[in-house]
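First the structure, in the form of structure tokens, and then the observations on it.
The values are calculated or read from the model by the stated rules, or taken from the named source; none is laboratory data. None of the values given here were measured: they were computed from a predicted structure. Positions of Cβ are generated from backbone atoms using ideal geometry, with glycine treated the same way; all protein chains shown enter the neighbour counts.
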Amino acid sequence: MRDPNAKRILVTGGAGFLGSHLCERLLAAGHDVLCVDNYYTGDKRNISHLLGNPHFELMRHDVTFPLYVEVDEIYNLACPASPIHYQFDPVQTTKTSVHGAINMLGLAKRVKAKILQASTSEVYGDPDVHPQTEDYWGHVNPIGIRSCYDEGKRCAETLFFDYHRQHNLRIKVGRIFNTYGPRMHPNDGRVVSNFIVQALQNQPITIYGNGDQTRSFCYVDDLIEAMIRLMNSRDEFTGPVNIGNPSEFTILELATKVVEMTGSKSEIKFLPLPSDDPTQRCPDISLAQKELGWAPTVRLEQGLQKTIQYFAQLISKSVQKASGF
Ligand code: NAD
Ligand code: UDP
């Protein structure tokens, strides 16, 4: 018999990297999951193993258009997350964040659903406060090449809080810091996937700038746990709350680690730093620890090991396919 606590849950961007892991976890917890995606950066292969599950439903839809469904909870993840992808069609990126938020908030209002926004550390821009706490308002260029993403996500947060104040909507805003793991797209352009794919193929490791810039990397399983805890947190807790791993590394340290762990012959190649690339990024996660009882548990080496394994399999499958095996 069906669990009486089972909910109908909409995951937008559900065929993407984080979305597919989230759909899996929600199904495993006994919920009905509706995955909505326009496959801009996502891939049906990420969720193909869920298609036989009678509690899983897949819908091709672009969140910049209204959506009429009946659900209890909404996780709003639809938005390209990698700089090369969100900069490819910047107008569509802003539309996805802003119109997408309006449409999903409108849906939440109509059906009285609780709604969670996958926001980002990018709302802090190139921060002059370190590590970043949620009360820091950020240092964001409104007209640069990253602005379509950063400002789109900032506007989405504004909309979430206005719907909360004006319409009493139950909202949750999680500010996600760099997250990595299996099912990142191999050509996604983000640093962890780039370095692993390059190292496994003994190709040069492309460091932008001198590699002094820092990031903190959260393994996907930790991140999904935090998102689910955030959705289930007490109603009065809206966030915004930082979710990420506070262990900070330079990009050069990451490159060295990946080369070591893969036993690669790759050399390091320094390329120009893209404009507005943040120099430092690290979350203060005190609020998540207090409100969600959450802290990441997977160390970088452990997470990298699993991610390297995933990409190694992916590469060997595509080599076999190309050679007709
Ligand atoms: P992803 O690109 O793998 O997933 C995004 C998904 O959204 C894709 O499946 C894509 O096809 C879909 N999508 C894009 N535009 C859409 C639209 N208009 N309508 C419907 N679907 C659309 O990226 P991800 O890493 O899984 O990120 C998921 C969410 O988390 C994003 O909102 C991103 O901004 C946020 N986030 C991710 C990270 C990270 O490090 N992975 C960090 C901060 C924030
Ligand atoms: N980066 C790099 N080489 C790459 C890809 C990225 O040196 O092949 C750098 C990038 O300039 C940035 C950091 O790694 O300083 C993280 O980049 P990513 O695109 O993963 O995420 P974001 O900049 O959004 O944090």
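Condition test on residue 237, is it touching a strand residue (DSSP E or B) at 6+ places or on another chain (Cβ under 9 Å), buried (at least 18 other Cβ atoms within 10 Å of the Cβ) and not hydroxyl-bearing (Ser, Thr, Tyr)? Considered against the rule, which asks whether it is touching a strand residue (DSSP E or B) at 6+ places or on another chain (Cβ under 9 Å), buried (at least 18 other Cβ atoms within 10 Å of the Cβ) and not hydroxyl-bearing (Ser, Thr, Tyr), residue 237 comes out as no.
Scan the stretch 13-27 for residues that are within 16 Å of ligand 2 (Cβ to nearest atom) and either in a helix (DSSP H, G or I) or more than 18 Å from residue 96 (Cβ to Cβ) (or both) and the total you get is 2. Elements of the type helices (runs of 4 or more DSSP H) sitting completely within the stretch 220-325 and holding at least 1 residues that are modelled with pLDDT under 95 and basic (Lys, Arg): these cover 300-322.
If you go through the stretch 1-18 and keep only what is without any contact (Cβ under 8 Å) to a residue 12 or more places away in the chain and among the aliphatic types (A, V, I, L, M), you end up with just 1. Against the criterion of being away from ligand 1 (no atom under 16 Å from the Cβ) and surrounded by fewer than 20 Cβ atoms within 10 Å (Cβ to Cβ), residue 247 does not qualify. Here is the figure for the stretch 141-158: residues that are touching a helix residue (DSSP H, G or I) at 6+ places or on another chain (Cβ under 7 Å) and surrounded by fewer than 20 Cβ atoms within 10 Å (Cβ to Cβ) total 4. Residues in the stretch 69-87: is at least one acidic (Asp, Glu) and either without any contact (Cβ under 8 Å) to a residue 40 or more places away in the chain or in contact with a Ser or Thr (Cβ under 8 Å, 6 or more places away or on another chain) (or both)? Looking through the stretch 69-87, none of the residues is acidic (Asp, Glu) and either without any contact (Cβ under 8 Å) to a residue 40 or more places away in the chain or in contact with a Ser or Thr (Cβ under 8 Å, 6 or more places away or on another chain) (or both). Among the residues of the stretch 194-208, are any part of a loop (DSSP other than H, G, I, E, B) and of a type in the set (Gly, Ala, Ser)? Among the residues of the stretch 194-208, not one is part of a loop (DSSP other than H, G, I, E, B) and of a type in the set (Gly, Ala, Ser), which makes the answer no. Here the condition is being more than 10 Å from ligand 1 (Cβ to nearest atom), under 13 Å from the mean Cα position of the chain (by Cα) and surrounded by fewer than 22 Cβ atoms within 10 Å (Cβ to Cβ); of 186, 182, it holds for 182 alone.
If only residues of the stretch 260-292 that are of a type in the set (Asp, Glu) and farther than 30 Å from residue 133 by Cβ are counted, the one that is surrounded by the most Cβ atoms within 10 Å (Cβ to Cβ) is 260. Scanning the stretch 64-120 for residues that are away from ligand 2 (no atom under 16 Å from the Cβ) and in contact with a Lys or Arg (Cβ under 6 Å, 6 or more places away or on another chain) gives 64, 71, 72, 73, 114, 116. So which residues in the stretch 65-116 are near ligand 1 (Cβ under 10 Å from one of its atoms), under 24 Å from residue 236 (Cα atoms), not hydroxyl-bearing (Ser, Thr, Tyr) and not in a helix (DSSP H, G or I), if there are any at all? Residues satisfying the conditions are 76, 77. Among the residues making up the stretch 121-140, those that are buried (at least 23 other Cβ atoms within 10 Å of the Cβ) and among the hydroxyl-bearing types (Ser, Thr, Tyr) are 121, 124. Could you tell me which of the residues 56, 17 is buried (at least 18 other Cβ atoms within 10 Å of the Cβ), under 19 Å from residue 174 (Cα atoms) and aromatic (Phe, Trp, Tyr)? Matching residue, one of 56, 17: 17. Inclusion of residue 142 among residues that are within 24 Å of residue 248 (Cα to Cα) and assigned to a loop (DSSP other than H, G, I, E, B) is not warranted. Within the stretch 199-214, the residues that satisfy the criterion of being crowded, with 21+ Cβ neighbours inside 10 Å and near ligand 2 (Cβ under 8 Å from one of its atoms) are 205, 207.
Take the stretch 19-67 and flag every residue that is touching a residue at least 12 places away in the same chain (Cβ under 8 Å) and of a type in the set (S, T, N, Q). Answer for the stretch 19-67, where residues must be touching a residue at least 12 places away in the same chain (Cβ under 8 Å) and of a type in the set (S, T, N, Q): 20, 38, 41, 46, 53, 64. You will find that of 106, 42, the residue that is among the small types (Gly, Ala, Ser), under 26 Å from residue 219 (Cα atoms) and either modelled with pLDDT of 95 or more or touching a Ser or Thr at 6+ places or on another chain (Cβ under 9 Å) (or both) is 42 and no other.
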